[in-house]
Amino acid sequence: MYDLTDFMNGLERRNPAQPEFIQATREVLESIIDTVNENPVYEKHRILERLTEADRIFSFRVEWEDDEGNLQVNRGYRIQFNNALGPYKGGLRFHASVTLGTLKFLGFEQTLKNSLTTLPMGGGKGGSDFSPKGKSDGEIMRFCRSFMSELQKYIGPDTDVPAGDIGVGAREIGYLYGQYKRLRDENTGVLTGKGLSYGGSILRPEATGYGAMYFASSMLALKGESLAGKTIALSGFGNVAWGAAQKATQLGAKVVTISGPDGYIYDEEGVGTPEKWAYMSYLRLSNNDVVEPYAKEFGATFVPRKKPWEVKVDFAFPCAIQNELSLADAKTLVANGVQGVVEISNMGCQADAMYYFLEKKILFAPGKAANAGGVAVSGLEMTQNAMHIAWTAEEVDEKLKDIMRKIHDSCVKEGMEEDGYINYVKGANITGFRKVADTMVQLGY
Ligand code: 2IT
């Protein structure tokens, strides 16, 4: 029998000063501990110890020259967390807040998320404390080149396939892939999120946001409802919020907020036109990390230094970064009558905020289930690359919908409580865990 408290004490001792990793593992272990203890084979195979220890971690120096000719130094990482189900798969994050602990939490989450997609992908994550904010395109390119010069030693289309995450979009993937080609002279699916002209999948940029809206639609369908007519608060303004705003609009909902580190935009008319979505991309590519200019451009309201969770909405979708939604925010949302909260950012809610939503029986979906559409379409990109073909938008969209529905239904199966409330956190954690754990048992050690 595993004792949760003892196990977590040991984990904290072995991973000091990594609060996000401890938060992510604690949440999962709380969900799965009964399942694990009911099945002694898991303890015999030391599954919890093995699942919470990354297979291996690379850390490297990244040197690049800024526009003034000064040499700059950052730290790069790649964490190969678990490859029981397939090649390590997961994004690269370039953000000033990145630490080893951040990437370990993301690699751990990714392992279970990728398991949920039903596709053969293990879990990995990487990135750097490099901040694209205020950098020129040339600086970003030189950083990406240097980062890939080191990273290319550890990755490959059948072993470890990175992609984008915060701060890494189509532009950065292009620079990274360009350097990989220069060094290796190979055209392979070693990265996903590639441009369409060099092996990318149609709909990959939209996939995370689209998938989350499909997931939310399934949650509502169980109640005989849909997203049509709902008002929605999104945070963030990058790739994920961009895709989410498009699909929410197509499904008849109205997105009234987006946000950045500088504050949030309240757009009463809705972030619902191609011009507004194009402007979000323009803001992201300008490397300033602000949303305020949107207000002037479209006559919306800018609320400085605040988060969008104070706006009265039917659904909230955190799309920015981990722990962006606090208990105080959760209480405000619930007091304002929110019907559902769906994490599109990884671990977007602080632990006490998440438990508050569950306690109040709010429809709540964790990121590892709701945002899995992004990595799922990355998996489809790998398949297309391996087959040297390109599917149409309709084909990819159909597969994405099917995957999101399967993830939703497996969460319902494992997460249904006695009173009929669906605990999607428990459902996602148990389903994601089982496949990885059973496979590890089958593979031996
Ligand atoms: O958090 C995530 O799932 C991602 N950043 C996407 C990873 C991927 O390999 O597409």
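For the range 337-445, the helices (runs of 4 or more DSSP H) that sit wholly inside it and include 1 or more residues that are without any contact (Cβ under 8 Å) to a residue 60 or more places away in the chain and under 26 Å from residue 156 (Cα atoms) are 372-387, 393-415, 424-443. The requirement of being away from the ligand (no atom under 14 Å from the Cβ) and within 22 Å of the chain's Cα centre (by Cα) is fulfilled somewhere in the range 365-380, by at least one residue. When residue 202 is tested against (1) within 16 Å of the ligand (Cβ to nearest atom); (2) of a type in the set (A, V, I, L, M, F, W, C); (3) outside any loop (DSSP other than H, G, I, E, B), exactly one condition is not met: (3).
If you go through the range 313-342 one residue at a time, how many are farther than 16 Å from residue 255 by Cβ and either touching a Pro at 6+ places or on another chain (Cβ under 7 Å) or open to solvent by 10 Å² or more (accessible area, probe 1.4 Å) (or both)? Residues meeting the conditions: 15.
Quick check on the range 138-148. Is at least one of its residues under 22 Å from residue 55 (Cα atoms) and either of a type outside the set (Phe, Trp, Tyr) or not in a helix (DSSP H, G or I) (or both)? Yes - at least one qualifying residue is present in the range 138-148.
Looking at residue 107, is it at pLDDT 95 or above, within 11 Å of the ligand (Cβ to nearest atom), of a type in the set (Gly, Ala, Ser) and in a helix (DSSP H, G or I)? Answer is yes for this residue. Can you confirm whether residue 21 is at pLDDT 95 or above, of a type outside the set (Gly, Ala, Ser) and not in a helix (DSSP H, G or I)? Judged against the criteria, residue 21 is not a match. Every condition in (1) of a type in the set (A, V, I, L, M); (2) crowded, with 24+ Cβ neighbours inside 10 Å; (3) within 22 Å of residue 157 (Cβ to Cβ) is met by residue 85 except one, and the failing one is (2). May I ask you to list the residues in the range 170-187 that are within 20 Å of residue 374 (Cα to Cα) and open to solvent by less than 20 Å² (accessible area, probe 1.4 Å)? Of everything in the range 170-187, those that are within 20 Å of residue 374 (Cα to Cα) and open to solvent by less than 20 Å² (accessible area, probe 1.4 Å) turn out to be 172, 173, 176, 177. Selection of first residues in the range 154-175 that are more than 20 Å from residue 87 (Cα to Cα) and of second residues that are hydroxyl-bearing (Ser, Thr, Tyr) and near the ligand (Cβ under 10 Å from one of its atoms), restricted to Cβ pairs under 9 Å at least 6 apart or on distinct chains, gives the following pairs, ordered by first then second residue: 166/345. Restricted to the range 209-322, the set of helices (runs of 4 or more DSSP H) holding at least 2 residues that are in contact (Cβ under 8 Å) with a residue 24 or more places away in the chain and under 21 Å from the mean Cα position of the chain (by Cα) comprises 239-250, 274-285. Tell me, yes or no, whether the range 345-353 has at least one residue that is open to solvent by less than 10 Å² (accessible area, probe 1.4 Å), under 17 Å from residue 219 (Cβ atoms), over 14 Å from the mean Cα position of the chain (by Cα) and more than 16 Å from the ligand (Cβ to nearest atom). No, there is no match, as no residue in the range 345-353 is open to solvent by less than 10 Å² (accessible area, probe 1.4 Å), under 17 Å from residue 219 (Cβ atoms), over 14 Å from the mean Cα position of the chain (by Cα) and more than 16 Å from the ligand (Cβ to nearest atom). Scanning the range 415-445 for residues that are of a type outside the set (A, V, I, L, M), under 23 Å from residue 82 (Cβ atoms) and over 22 Å from the mean Cα position of the chain (by Cα) turns up 438, 439, 442, 444, 445. If the condition is being of a type in the set (A, V, I, L, M, F, W, C) and either within 11 Å of the ligand (Cβ to nearest atom) or not in a loop (DSSP other than H, G, I, E, B) (or both), then the range 120-137 contributes only 121.
Among residues of the range 201-218 being in contact with a helix residue (DSSP H, G or I) (Cβ under 6 Å, 6 or more places away or on another chain) and of a type in the set (A, V, I, L, M), the one that is surrounded by the fewest Cβ atoms within 10 Å (Cβ to Cβ) is 202.
The values are calculated or read from the model by the stated rules, or taken from the named source; none is laboratory data. All values reported here derive from a predicted model rather than from experimental measurement. Because the Cβ atoms are built from the backbone with ideal geometry, glycine has one as well, and the counts that use them run over all protein chains shown. All accessible areas refer to the heavy atoms of the entire protein, side chains included, with ligands and DNA or RNA removed. Shrake-Rupley method; radii C 1.70, N 1.55, O 1.52, S 1.80 Å.
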